[in-house]
Amino acid sequence: MRGLSLETAARETLERVMAEALLRSGSTRSAVLAVCLAVSGVNHPTDEYRILSWLRQIFPSHVRLFVQNDSVAALASGTMGKLHGCVLIAGTGTIAYGYTEDGRKARAAGAGPVLGDWGSGYGIAAQALTAIVRAHDGRGPHTALTNCILHALDLSSPDELIGWTYEDPSWARIAALVPYVVSCAEAGDQVANRILLDAVQELASSVKAVVRRLGLCGEDGTDHFPLVMVGGVLEANKRWDIGKEVINCISKDFPGAVPIHPKVEPAVGAALLAWNFLIRQSRKDAIRS
């Protein structure tokens, strides 16, 4: 029953969001030509089929429907809708996703914090909290993270940090502590610095795994390909620039990587995908007829 209620809630949410989008645009369901829905957690054809069936109940039969993982829309937001290259998303979670021009695709990471999304905002902050507890226990080195994060959370001791963490262990709540880790690293704290260096290696390794599996770099490893960078962890707003360090790490192995920081939201990427999918499908239909 719980699974059914969750599915019902998800379907109702989708219907409401679609209705709101149409209302804001001043359009109607019958006026829509194509829909591309990019959703986190779409990792298997069965996921796509389930959501496609929901969409079909919302839109008329003439509307073309496409369902993708949300990282595909993020890639398209940096390539103007062209599915080629690799996207690295590093926010609360992280994933690397790539496409070749002939339609092959691959991904790395993106399995959530329990299965090891290291390098994500959650991963960085969780390691910082662990470092504080280890320092307090005497199992790890002293770190400026202790005073910095306790002060930010208005806590008086690391013992209180345990209660704070488990009273609401939501991923985004933990990930929100990343700026304090960056600040401590910039101030010279070696523990914080090590955490960020490890994150850089983890993020770069995800991209490298995708690039190698798809051969985006060519036989000699020097071919150019787009590397779209998305997410708060990768934003260049600090002296300790995680995104820049990730790019430097990747470029050592793949000098043809062309970093792109999108100027538009992934939602725009999804709209571009819908348009491109519609054009390709229309051409196929014309050939068949």
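Taking GluC sites (Glu not before Pro) as exposed when their DSSP state is a loop state and no more than 14 other Cβ atoms lie within 10 Å, the longest site-free interval of the chain runs over 102-218. If only the Cβ of Lys and Arg carry +1 and only the Cβ of Asp and Glu carry -1, the dipole of the chain around its Cα centre is close to 1180 debye. For segment 64-103, the list of chymotrypsin sites (Phe, Trp or Tyr not before Pro) that fall in a loop by DSSP and count at most 13 other C-beta atoms within 10 angstrom is empty. Using a 1.4 angstrom probe on heavy atoms only, work out the carbon and sulfur share of the accessible area of segment 137-178 in %. Result for segment 137-178: 55 percent of the exposed heavy-atom area is carbon or sulfur.
Principal axis extents of the C-alpha atoms in segment 124-221 (largest first, rounded to whole Å): 56, 29, 23.
Solvent-accessible area of segment 1-120 (1.4 angstrom probe, protein heavy atoms only): carbon and sulfur portion equals 56 percent.
On a 21 Å Cα-Cα criterion, which of the cross-link pairs K105/K252; K82/K105; K82/K263; K208/K252; K208/K238; K105/K263 come out too long? Exceeds cut-off: K105/K252; K208/K238; K105/K263.
Annotation: amide H-H contacts under 5 Å for A34 (H modelled 1.01 Å from N, sequence separation of 5 or more, or interchain): R64.
Counting every alpha-carbon pair across segment 154-210, the share separated by more than 15 Å comes to 65%. The label point for E15 and the one for W275, both projected 7 Å from the Cα toward the Cβ, are 3.1 nm apart.
Looking at the chain, the accessible area is 53 square angstrom per residue; that uses a 1.4 Å probe and ignores ligands, DNA and RNA. Rounded to the nearest 20, the Cβ-based charge dipole of segment 1-92 about its Cα centre (Lys and Arg +1, Asp and Glu -1) stands at 180 debye.
Put the Cα centre of segment 230-288 next to the Cα centre of segment 111-144 and the gap is 29 Å.
For the chain, the normalised intensity computed at q = 0.08 Å⁻¹ comes to -0.42 (log10 of I(q)/I(0), Debye sum over alpha carbons, equal scatterers, no solvent).
Take the eigenvalues of the Cα gyration tensor for segment 70-135, scale each by 5, and report the square roots as semi-axes in whole Å, largest first.
30, 11, 7
Restriction of the trypsin sites (Lys or Arg not before Pro) in segment 178-252 to DSSP coil positions whose beta-carbon has at most 16 other beta-carbons within 10 angstrom yields K238, R239.
Each Lys and Arg Cβ is given +1 and each Asp and Glu Cβ -1; about its Cα centre, segment 159-289 then shows a dipole of about 880 debye.
The values are calculated or read from the model by the stated rules, or taken from the named source; none is laboratory data. Model, not experiment: these values are computed from the prediction. Neighbour counts run over all protein chains shown; Cβ positions are idealised from the backbone, glycine included. For the accessible areas, the whole protein counts, side chains as well, though only heavy atoms, and no ligand, DNA or RNA atoms are used. Shrake-Rupley method; radii C 1.70, N 1.55, O 1.52, S 1.80 Å.
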